[in-house]
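Take a look at the structure set out below.
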Protein chains: 2
Amino acid sequence: MKQAVDHKVDGFLRFRLNLSYDGTDFAGWAKQPGLRTVQGELIKALTQIFGKTKDDFGLRVAGRTDAGVHAEGQVVHIDLNPKQLKRLGRSKDVLINLNALLPVDIRVSKFVETHADFDARFAAKYRKYRYRIADSASGWNPLYGRTALWLKYELDIAAMQDAAEVLIGLHDFAAFSKPKEKATTIRTLQHVKITRNKHFDNVVEIELQADAFAHNMVRSIVGALIKVGAGRVTKAEVAKALKSKSRGHGFKVVGPEGLSLIEVGYPVQAQWAEQVKMTQDMRTLDE
Amino acid sequence: MKQAVDHKVDGFLRFRLNLSYDGTDFAGWAKQPGLRTVQGELIKALTQIFGKTKDDFGLRVAGRTDAGVHAEGQVVHIDLNPKQLKRLGRSKDVLINLNALLPVDIRVSKFVETHADFDARFAAKYRKYRYRIADSASGWNPLYGRTALWLKYELDIAAMQDAAEVLIGLHDFAAFSKPKEKATTIRTLQHVKITRNKHFDNVVEIELQADAFAHNMVRSIVGALIKVGAGRVTKAEVAKALKSKSRGHGFKVVGPEGLSLIEVGYPVQAQWAEQVKMTQDMRTLDE
């Protein structure tokens with residue numbers, strides 16, 4: 001962590017930001033020239049407040065969401081140098097100023113000073129995603145059409161929950177991930193909870209929690225579970241696919257519209273440094 | 001009701017449709033040449049299934065929503081002639097076909113045959129609207145940014161609820177309506193309920209129910225209640241504004257983004273004809 005050490009030496013302070021965004025109109029998280037991205041818009045707004053930096057405020061994010069994927073519990077950290085700190089003002093005002101500069105499809109809900117040991121990406125213990133599906137048993141409410149996958153048939157969520165059990169635990173999720181060079185696909189899927197949201201149009205919601213997710217992992221798993229819910233695939237076939245460690249199973253990677261990063265979990269402050277070390281030793285995290 | 005009688009004589013059957021739409025990208029309900037409207041899109045889809053008609057299927061709607069206003073419980077009726085009835089098929093299939101033809105920001109949730117006495121507009125006993133406000137105490141969740149008004153300050157909903165009481169009952173709402181020629185602004189506001197939605201980002205929701213609403217009435221009342229919630233206007237001032245029957249009070253008509261028609265209530269079938277007669281005798285309904 002060369003950068004963090006430099007920042008410490010030079011009197012930087014680290015800040016934690018929580019943010020939400022409607023991913024529909026973004027080409028994903030990561031800043032890319034010529035494309036509208038969440039990181040790009042955030043850096044632009046931060047630059048307007050704090051001035052230009054060479055390294056984009058050393059910003060790091062908990063989950064690098066793909067194009068079209070939403071977030072309601074995204075976490076990032078940034079470092080501010082002594083010159084930038086003079087422009088900080090009251091933290092309540094920073095929040096209001098930042099939101100006034102950001103487009104309406106991004107909102108920052110928290111902007112607080114944190115310890116240099118905090119790392120939005122490497123100190124995270126878990127990520128929780130929610131995939132929302134409006135099936136024929138739900139209201140198909142167009143007011144929330146940008147946040148759900150729409151299916152014309154009804155899903156059997158009990159069958160889906162039952163099949164999901166074979167995925168829980170420490171596995172190589174190669175069969176349910178898009179391969180990335182030099183990156184492992186071994187992850188611990190901590191839980192999968194499938195419910196109908198009685199308070200939200202009776203849509204099906206699949207909540208998945210893991211230490212971290214490999215690329216396309218949530219959307220691959222959801223694709224398989226939908227086939228189970230439609231009665232076209234069995235629990236045994238899902239188990240077999242997982243064991244194969246191959247993408248030859250033919251389950252579809254579903255679209256990004258139903259997916260939202262809803263929570264990132266961190267240990268207590270005393271364990272941040274240890275968690276960062278453990279994560280970095282273990283693997284390159286993909287998202 | 002000349003049209004309904006003709007339809008009866010000629011072997012027409014009447015159908016009730018329930019529909020929802022995200023009003024953001026529509027120039028309102030009413031069909032207008034060259035503009036994208038909900039009625040226009042609905043007629044277009046119905047025409048593709050049932051063929052062209054001279055009178056747009058004699059369609060009538062419960063609430064003619066303005067540009068940008070949403071609906072989750074809109075009701076319309078249409079009449080189909082014997083030739084069109086041949087194209088009907090199973091009602092479950094009509095629903096699927098219709099939704100396949102409609103843009104994704106409109107969904108039909110119900111398509112059922114009804115009695116000729118049913119009238120989506122004139123048989124309605126009440127309309128219920130919801131106005132949603134994301135204030136600083138809520139999550140400002142951009143995933144639902146198209147469905148709420150955003151305020152930077154926190155609203156005192158107890159004060160708003162208290163002030164709303166002076167509006168309940170039979171009143172001339174001229175002070176809270178946009179005048180329309182030859183139309184009365186006397187209405188019965190049956191209830192106003194203001195809550196924080198604990199299941200939906202803690203946003204403030206104002207539910208208003210009336211026999212019918214005059215033009216701009218919901219958005220004018222909400223504008224006044226927001227000033228109360230912000231501590232800038234008292235209950236007594238709202239009462240005074242109502243009594244003045246004049247729009248000189250300076251309360252703002254809030255934007256359409258937070259507004260949704262969520263329910264239309266009808267009496268039991270035996271009372272439809274009577275309700276239609278009563279409504280037509282009483283006044284011209286605006287929405």
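The values are calculated or read from the model by the stated rules, or taken from the named source; none is laboratory data. Just so it is clear, the structure is predicted and the values come from calculations on it, not from any experiment. Neighbour counts run over all protein chains shown; Cβ positions are idealised from the backbone, glycine included.
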Going through the range B:74-87 in order, the residues found to be in contact with a strand residue (DSSP E or B) (Cβ under 7 Å, 6 or more places away or on another chain) and not charged (D, E, K, R) are B:Gln74, B:Val75, B:Val76, B:His77, B:Ile78, B:Leu80, B:Leu85
Quick check on this structure: which one of B:Lys240, B:Lys252 is over 21 Å from the mean Cα position of the chain (by Cα) and either in a helix (DSSP H, G or I) or surrounded by fewer than 22 Cβ atoms within 10 Å (Cβ to Cβ) (or both)? B:Lys240
How many of the residues making up the range A:34-62 are in contact with a Gly (Cβ under 9 Å, 6 or more places away or on another chain), not polar (S, T, N, Q) and not in a helix (DSSP H, G or I)? 2
Identify the residue in the range B:185-195 that is free of Cβ contacts under 8 Å to residues at least 60 places away in the same chain and surrounded by fewer than 16 Cβ atoms within 10 Å (Cβ to Cβ) and, among all such residues, is nearest to B:Phe213 (Cα to Cα). B:Thr188
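Would you confirm, using the coordinates I've provided, whether A:Pro179 is within 14 Å of chain B (Cβ to nearest Cβ) and either surrounded by 17 or more Cβ atoms within 10 Å (Cβ to Cβ) or closer than 14 Å to A:Phe213 by Cα (or both)?
no
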Quick count over the range A:18-33, residues being within 14 Å of chain B (Cβ to nearest Cβ) and buried (at least 23 other Cβ atoms within 10 Å of the Cβ), is 6
Could you tell me whether A:Ser136 is closer than 22 Å to A:Leu259 by Cα, hydroxyl-bearing (Ser, Thr, Tyr) and in the same structural domain as A:Phe15 (by TED's automatic domain parsing)? no
Testing B:Trp272 on (1) of a type in the set (Phe, Trp, Tyr); (2) outside the structural domain of B:Lys152 (by TED's automatic domain parsing); (3) within 24 Å of B:Ala137 (Cα to Cα), one condition comes back false. Which one is that? (3)
Looking only at the range B:147-166, filter to residues that are crowded, with 21+ Cβ neighbours inside 10 Å and in a loop (DSSP other than H, G, I, E, B); which one of those is nearest to the other protein chains (Cβ to nearest Cβ)? B:Ala148
Which of the residues belonging to the range B:63-94 are in a loop (DSSP other than H, G, I, E, B) and within 12 Å of chain A (Cβ to nearest Cβ)? B:Val69
Of (1) under 30 Å from A:Ile106 (Cβ atoms); (2) not assigned by TED's automatic domain parsing to the domain that holds A:Pro179, A:Glu257 fails just (2)
Every residue from the range B:264-274 that is buried (at least 19 other Cβ atoms within 10 Å of the Cβ) and part of a strand (DSSP E or B): B:Val264
Selection within the range B:215-236 - out of contact with any Lys or Arg (no Cβ under 6 Å at 6 or more places or on another chain) and surrounded by 17 or more Cβ atoms within 10 Å (Cβ to Cβ): B:Met217, B:Val218, B:Arg219, B:Ser220, B:Ile221, B:Val222, B:Ala224, B:Leu225, B:Ile226, B:Lys227, B:Val228, B:Gly229
Show the residue pairs meeting these rules: Cβ distance below 6 Å; 6+ apart or different chains; first residue within the range A:47-72 and in contact (Cβ under 8 Å) with a residue 60 or more places away in the chain and outside the structural domain of A:Tyr21 (by TED's automatic domain parsing); second residue of a type outside the set (Asp, Glu) and surrounded by 19 or more Cβ atoms within 10 Å (Cβ to Cβ). none
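Quick grid of which residues meet (1) free of Cβ contacts under 8 Å to residues at least 40 places away in the same chain; (2) touching a helix residue (DSSP H, G or I) at 6+ places or on another chain (Cβ under 8 Å):
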| position | (1), (2) |
| --- | --- |
| B:Asp162 | no, yes |
| B:Gly169 | yes, no |
| B:Asp172 | no, no |
| B:Ala175 | no, yes |
| B:Lys180 | no, no |
| B:Ala183 | no, no |
| B:Asp201 | no, yes |
| B:Leu225 | no, yes |
| B:Lys235 | no, yes |
Could you list, ordered by first residue, the pairs with Cβ atoms under 6 Å in which the first is in the range A:88-111 and assigned by TED's automatic domain parsing to the domain that holds A:Phe50 and the second is buried (at least 17 other Cβ atoms within 10 Å of the Cβ) and in a loop (DSSP other than H, G, I, E, B), at least 6 apart or interchain? A:Asp105/A:Asp22; A:Arg107/B:Trp140
Could you please give the count of residues in the range A:56-89 that are under 20 Å from A:Met217 (Cα atoms) and basic (Lys, Arg)? 1
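Would you be able to tell me the number of residues in the range A:90-108 that are in contact with a helix residue (DSSP H, G or I) (Cβ under 8 Å, 6 or more places away or on another chain) and of a type outside the set (D, E, K, R)?
Going through the range A:90-108 one residue at a time, the tally reaches 9.
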Check B:Arg130 against each of (1) under 30 Å from A:Ser20 (Cβ atoms); (2) part of a loop (DSSP other than H, G, I, E, B) and name the one condition it does not meet. (2)
Mind checking which residues of the range A:95-146 are modelled with pLDDT under 95, more than 9 Å from chain B (Cβ to nearest Cβ), surrounded by fewer than 21 Cβ atoms within 10 Å (Cβ to Cβ) and more than 24 Å from A:Thr47 (Cα to Cα)? A:Ala137
Subset tally (residues that are of a type in the set (Ser, Thr, Tyr) and not in a strand (DSSP E or B)) for the range A:180-209: 2
Select, from A:Arg196, A:Arg219, the only residue that is within 14 Å of chain B (Cβ to nearest Cβ) and in contact with a helix residue (DSSP H, G or I) (Cβ under 9 Å, 6 or more places away or on another chain). A:Arg196
